[in-house]
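Derivation of every value follows stated rules applied to the coordinates shown; laboratory data play no part. None of these values were measured; they are calculated from a predicted model. No Cβ is skipped: glycine too gets one built from the backbone with ideal geometry, and neighbour counts run over all protein chains shown.
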Amino acid sequence: MAITRSVSAAETARSILSCPAGIDLVIEGVEDPTSDDHRLGMGETDGVPTFSCRVGASLSQAAGKRLGCVVTLASGLGAPGSPERAACVALAGRLRRTGAERCSCCGEVRDVIAVDVEAVRLTFDGERITVPPAAFASPALVLNRGYLQRWRDHVTLAHQDRLREAVAERVGGTVDRIVAASLAWLRTDGVAVDWIEADGGHRLAFGFPREARTPHELGVLLRGQLHPDLC
């Protein structure tokens, strides 16, 4: 896929942020930001990379000083071996502590660190492309390909029973007939489900009543079409 316009470069870069295969964090003046916290978690909110770290950890201290950093993300887009898996995006900016959160699993309180992105560079198909930060952060890219892929994979892996129930209800069968189910694709305007029975594989595709414009709307529409307990 050739990238010829800044909007498509921005979409690819944003999609990699939403669906990375690997993450490397370099902070000015900090030799190893993970040395005192090997459970660093990373996510993103509206195009802003965010980290979760132990209170008082090196990353948190660096954020308190507003140190500069570079986050390099390897692409997790597409299937393994696809051309897009060779892409990566580097995000340069400054760290900022935004608050704290409590882990739902162990109850530990952890600092939340954001990266205020000041420069974006996409490496794709042998090209290094500078992406305007404003284009990268555009609200129009919130439901990018990477976000939709991550949602698709999450639903398939974490909600297998609910997917099987949804298929059984749709086709009028029983759950025990459905060996396995998965989302074949997920778009802002619809979804397709693959499933396996004794007689082989099947696919069911259907559109949403309206096109999703936000993550919340996507969740509402997906639950409405498949299962109310999907998250």
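A few notes on this one:
- GNM result for the chain, Cα springs below 10 Å: residue of LEU77, LEU163, LEU143 fluctuating most strongly: LEU163
- Each Cα pair under 8 Å and six or more residues apart adds its separation to the average, and for the range 6-138 the resulting relative contact order is 27 percent.
- When the chain is treated as a Gaussian network with alpha carbon springs shorter than 10 Å, the biggest mean-square fluctuation among ARG170, ARG66, ARG150 belongs to ARG170.
- Rounded to 10°, Cα long-axis angle of helix 215-225 versus longest principal axis of the chain: 10 degrees
- Measuring r between the beta carbons of CYS103 and THR214 and using R0 = 30 Å, the FRET efficiency lands at 0.70.
- Modelled this way, with points 7 Å down the Cα-to-C-beta line, the labels at ALA79 and ARG170 are 2.0 nm from one another.
- Summed side-chain charge close to VAL179 - residues other than VAL179 whose Cβ falls under 10 Å, Lys, Arg +1, Asp, Glu -1: 0
- Fully extended contour minus Cα-Cα distance, from ALA21 to THR34, at 0.36 nm per residue: 2.9 nm
- Contact order relative to length of the range 148-225, as percent, for alpha carbon pairs under 8 angstrom and 6 or more apart: 21 percent
- When the chain is treated as a Gaussian network with alpha carbon springs shorter than 10 Å, the biggest mean-square fluctuation among GLU127, GLU108, GLU165 belongs to GLU108.
- Packing-based ranking, highest mean first, of 183-194, 205-216 given that Cβ atoms within 10 Å are counted: 183-194, 205-216
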